[in-house]
1. Give the residue that is modelled with the lowest pLDDT, with candidates limited to residues of the range 77-125 that are of a type in the set (Asp, Glu), under 22 Å from Ala28 (Cβ atoms) and part of a helix (DSSP H, G or I).
2. Run Ala165 past the list (1) at pLDDT 85 or above; (2) within 16 Å of Arg102 (Cβ to Cβ); (3) crowded, with 17+ Cβ neighbours inside 10 Å; (4) among the hydrophobic types (A, V, I, L, M, F, W, C) and report the number of the one that doesn't hold.
3. So, in the range 147-166, exactly how many residues are in contact (Cβ under 8 Å) with a residue 40 or more places away in the chain, in a helix (DSSP H, G or I) and under 20 Å from Ile90 (Cα atoms)?
4. Give the residues of the range 110-131 that are free of Cβ contacts under 8 Å to residues at least 60 places away in the same chain and over 14 Å from Arg74 (Cα atoms), sorted by residue number.
5. Being of a type in the set (Gly, Ala, Ser) and loosely packed, with under 15 Cβ neighbours inside 10 Å is the filter here; which residues of the range 38-65 pass it?
6. I need every pair where a residue in the range 89-109 that is touching a residue at least 24 places away in the same chain (Cβ under 8 Å) and closer than 14 Å to Arg147 by Cβ has its Cβ under 8 Å from the Cβ of a residue that is surrounded by fewer than 18 Cβ atoms within 10 Å (Cβ to Cβ) and of a type in the set (S, T, N, Q), sequence separation at least 6 or different chains.
7. For the subset of the range 66-85 comprising residues that are of a type in the set (D, E, K, R) and buried (at least 16 other Cβ atoms within 10 Å of the Cβ), which member is nearest to Pro45 (Cα to Cα)?
8. What is the residue count in the range 186-202 for residues that are within 22 Å of the chain's Cα centre (by Cα) and assigned to a helix (DSSP H, G or I)?
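The values are calculated or read from the model by the stated rules, or taken from the named source; none is laboratory data. Predicted model, so just to flag it, every value in this text is computed and none were measured. Every residue, glycine as well, gets a Cβ built from its backbone with ideal geometry; the counts of neighbours run over all protein chains shown.
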Amino acid sequence: MTTDTPIPTSGNRSERSGRLSAEDWANAALQQIAEQGVSSVAVEPLARRLGVTKGSFYWHFPSRDALLQAALDRWEAYEKENIFDKLEAIHDPGERLQNLFRLVAHDDSSYVVYSQLLKAMDHPIVQPVISRVSRRRLEWLSDSFRRAGFAIDAARHRARLLYSAYVGFLQLNLQLPQDRPPPEEYDAYVEHLMATLIPSKPVRGSNA
């Protein structure tokens, strides 16, 4: 299962006016983050990339930090609307978790942005966004395991274990990018995680 990219191409201008919108600038900043990291986001290079002057930027944003905040807000909203809100329509808790696994495992663009944000955790704009997103993810996972029949503590433990596996895998890729497994091996890893952590049928009050 795949999803639309949260990083539209930088050529997406407002078709009505032919001028760049604040959203166009935020999209371009997200693309820049994905390619070269948070520290690479700067007004002049983005203006050149978009084929406009800096005046276009200052029409929409008072500062580079305001642009960065807008870009991260857009990334955060994308995840909520296009992943978690859609998964809420799935009533079976095991199926919800399996769909989340497959969605996140193959959502390369959002995965790349998150990896770059992990490198900039000391940034005062990045840190609260990552903290908020991580809390939301853990709460959603814990709730899903609770719906699958696990006791409160067991659901929380499984949520942390699953999220730790996800973040740990990202960190491993950052440290050893040349050792990232080929697609077949990666898919087998995802299936193994699902088989290990997601119950095949509801378990009532399990403390496992």
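1. Asp108
2. (3)
3. The total comes to 1.
4. Just the residues of the range 110-131 that are free of Cβ contacts under 8 Å to residues at least 60 places away in the same chain, to begin with: 111, 114-115, 118, 121-122, 124, 127-131.
Of everything in the range 110-131, those that are free of Cβ contacts under 8 Å to residues at least 60 places away in the same chain and over 14 Å from Arg74 (Cα atoms) turn out to be Tyr111, Ser115, Leu118, Met121, Asp122, Pro124, Gln127, Pro128, Ser131.
5. The initial filter retains those residues of the range 38-65 that are of a type in the set (Gly, Ala, Ser), namely 39-40, 42, 47, 51, 55-56, 63.
Passing the criteria: Ser39, Ser40, Ala42, Gly51, Gly55, Ser63.
6. That search, which allows pairs on different chains as well, returns Gly94/Ser200.
7. Filtering the range 66-85 down to residues of a type in the set (D, E, K, R) leaves 73-74, 76, 79-81, 85.
Among the residues that remain, those that are also buried (at least 16 other Cβ atoms within 10 Å of the Cβ) are: 74, 76, 79.
Details: Arg74: 20, Glu76: 24, Glu79: 27 Å.
Applying the filter and picking the extreme gives Arg74.
8. First pass over the range 186-202, keeping only residues within 22 Å of the chain's Cα centre (by Cα): 186-194, 197-198.
From what is left, the residues that are assigned to a helix (DSSP H, G or I) are 186-194, 197.
The number of residues fulfilling the criteria is 10.
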